[in-house]
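The values are calculated or read from the model by the stated rules, or taken from the named source; none is laboratory data. On a predicted model such as this, the values are computed, not experimentally measured, just so you know. For neighbour counting, all protein chains shown are included, and Cβ atoms are generated from backbone atoms with ideal geometry for every residue, glycine included.
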Amino acid sequence: MKVTETKLKGSFVIEPDIFKDNRGYFFESFNQKKFMLHTGLKIDFIQDNESFSTKGVLRGLHYQEGEFAQAKLVRVIKGSVLDVVVDIRKNSTTFGEHFSILLTEENKKQFFVPKGFAHGFVVLSNTAIFSYKCDNFYNKPAERGILFSDSSLNIDWKLPYNELIVSEKDIALPTMEKAVFI
């Protein structure tokens, strides 16, 4: 397993060891002991989520605040997505900066999103199955977000805006300037 910390402290790209032969492939999608060894973080994931989306679907940028904040380990099972995080930790030297990575069924890369980050993704393939582990349960009253098209973030979603399929809820999210960070 290769683990690389991104420019946003505490977020990691994880590349598993993949064992292939004439029958197919095998890899460990998560091993708590190895994760802790490579990142220094002890994470207890308690909820797994999966979504299916078609090309152009953009989900995000979402986060939960306060005691309900979530760390996530995300990956693509089928298809390809551009995965994006924004550092929303007020005291961070990278506050307001973002990082993006291409996650695909072929590269099997995973991305660890720590607490204090807004997260979103856009589907680049015809369809995609996206999976993520969370270290805290979903709590609707603590749900927050940032507008995906906020000009201060300047995120390149790799698709023209007229090809993006965004929920009404996500279109109504505030900009970074007006978002609530606790």
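Is it true that Phe52 is of a type outside the set (Lys, Arg), touching a residue at least 12 places away in the same chain (Cβ under 8 Å), within 24 Å of Tyr138 (Cα to Cα) and in a loop (DSSP other than H, G, I, E, B)? No; evaluated as a whole, the condition is false for this residue. Right, Val180: modelled with pLDDT of 95 or more, among the β-branched types (Val, Ile, Thr) and either in contact with a strand residue (DSSP E or B) (Cβ under 9 Å, 6 or more places away or on another chain) or on the phi > 0 side of the Ramachandran plot (or both) or not? In short, no. For the stretch 11-23, the criterion of being surrounded by 15 or more Cβ atoms within 10 Å (Cβ to Cβ) and basic (Lys, Arg) is met by no residue. Once the stretch 81-97 is narrowed to residues that are buried (at least 19 other Cβ atoms within 10 Å of the Cβ) and without any contact (Cβ under 8 Å) to a residue 60 or more places away in the chain, the residue that is farthest from Glu177 (Cα to Cα) is Val81. So for the stretch 91-99 (the condition being of a type in the set (Phe, Trp, Tyr), out of contact with any strand residue (DSSP E or B) (no Cβ under 7 Å at 6 or more places or on another chain) and not in a strand (DSSP E or B)), does at least one residue qualify? No, every residue in the stretch 91-99 fails to be of a type in the set (Phe, Trp, Tyr), out of contact with any strand residue (DSSP E or B) (no Cβ under 7 Å at 6 or more places or on another chain) and not in a strand (DSSP E or B). Evaluate the following for Ser80: is it touching a strand residue (DSSP E or B) at 6+ places or on another chain (Cβ under 8 Å) and at pLDDT below 95? Against the criterion (touching a strand residue (DSSP E or B) at 6+ places or on another chain (Cβ under 8 Å) and at pLDDT below 95), Ser80 does not qualify.
Of the residues making up the stretch 132-139, not a single one is touching a Ser or Thr at 6+ places or on another chain (Cβ under 8 Å), of a type in the set (D, E, K, R) and either more than 17 Å from Ile88 (Cα to Cα) or surrounded by fewer than 13 Cβ atoms within 10 Å (Cβ to Cβ) (or both). Looking across Lys20, Lys33, one residue alone is over 22 Å from Tyr138 (Cα atoms), at pLDDT below 95 and not in a helix (DSSP H, G or I). It is Lys20.
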